[in-house]
Structure formats: C-alpha cells, structure tokens
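The values are calculated or read from the model by the stated rules, or taken from the named source; none is laboratory data. Please read all numbers here as calculations on a predicted model, not as lab measurements. Surface accessibility is based on the protein's heavy atoms, side chains included, excluding ligands, DNA and RNA. Shrake-Rupley method; radii C 1.70, N 1.55, O 1.52, S 1.80 Å.
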Amino acid sequence: MKVEGLEVVGIDNQIGCYMMSNRKHGTLYIGVSAQLVARVVQHREGLIDGFTKRYGLKRLVWYEFHDTIVGAIQREKSLKRWPRDWKANLIERTNPDWDDLFDGLTCNDIEVAPDPQAYRDWTPPEA
C-alpha cells in the first residue's frame with residue numbers, strides 16, 4: 001500500500017478506530033479508517049493538513065480493530081461523546097504511559113472488536 005510517497009508493506013484494509021496524542025494527557029484526536037496503518041502513517045508524517053498536523057499529534061495511544069467500517073464509525077462517534085476522563089481511562093487500561101503504539105499496530109497479533117450488530121438480538125441466559 002502506498003501512502004503519498006511512503007510505502008506501508010503487508011497490511012491492507014485493517015478497519016479500526018484510534019486515538020492520537022502529542023504526549024501523556026495531551027491533546028486527543030479520535031479517528032476511524034478502513035486502512036488504519038496507512039492513516040496513522042499519514043498523521044505521523046504530517047502528510048494531511050488539519051487538526052493532527054496543527055497540534056503535532058504523532059503518537060498513536062489507543063486503537064481497536066473492527067470487522068466492519070460501520071462498527072468502527074459507531075465506536076468513533078460514541079467515543080467522541082465521552083467525557084475526556086473516560087477517554088483517558090480507556091487509554092490507560094492498556095497503555096498507562098501513553099506510549100506510541102505504532103510498532104504494535106504493525107505486528108500480526110491482531111484482535112478484532114466484534115460488529116455491534118452481532119449482539120443486537122442477544123439476551124442474557126436465564127439463571
């Protein structure tokens with residue numbers, strides 16, 4: 001996959017929701033992409049004018065993969081409505097120091113969040 005002069009090899013069409021920051025407890029950006037690795041590279045390299053470039057948000061601090069783009073967009077919209085401290089708590093559950101997770105994003109050990117529609121008709125079992 002080519003990203004405006006850069007090449008990201010071996011990972012295509014990874015649908016995900018993610019958060020970028022500039023430092024621990026710094027400015028946050030929440031996004032969604034059907035090509036997550038390529039999109040994060042664009043943020044990190046400053047290839048896209050906008051919020052992340054303006055505020056220097058180059059650190060991937062949280063992400064999750066989804067089966068569908070619809071599920072990822074639903075998650076993004078939900079997270080954008082959360083209070084800031086909830087977002088920080090979500091990040092710190094898996095990344096307490098707000099480290100850059102980009103290297104882990106490109107590995108093969110990938111967990112995919114289920115499609116929210118899969119649970120639409122689910123009811124808990126009777127005890």
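Note on region 76-117: residues that are on the phi < 0 side of the Ramachandran plot and modelled with pLDDT of 75 or more amount to 29.
Within region 15-52, being of a type in the set (A, V, I, L, M) and assigned to a helix (DSSP H, G or I) holds for LEU36, VAL37, ALA38, VAL40, VAL41. Condition (residue is more than 15 Å from the chain's Cα centre (by Cα) and either more than 21 Å from THR106 (Cα to Cα) or open to solvent by 10 Å² or more (accessible area, probe 1.4 Å) (or both)) applied to region 57-80: is it met by at least one residue? Checked against the condition, which is being more than 15 Å from the chain's Cα centre (by Cα) and either more than 21 Å from THR106 (Cα to Cα) or open to solvent by 10 Å² or more (accessible area, probe 1.4 Å) (or both), region 57-80 yields no hits at all.
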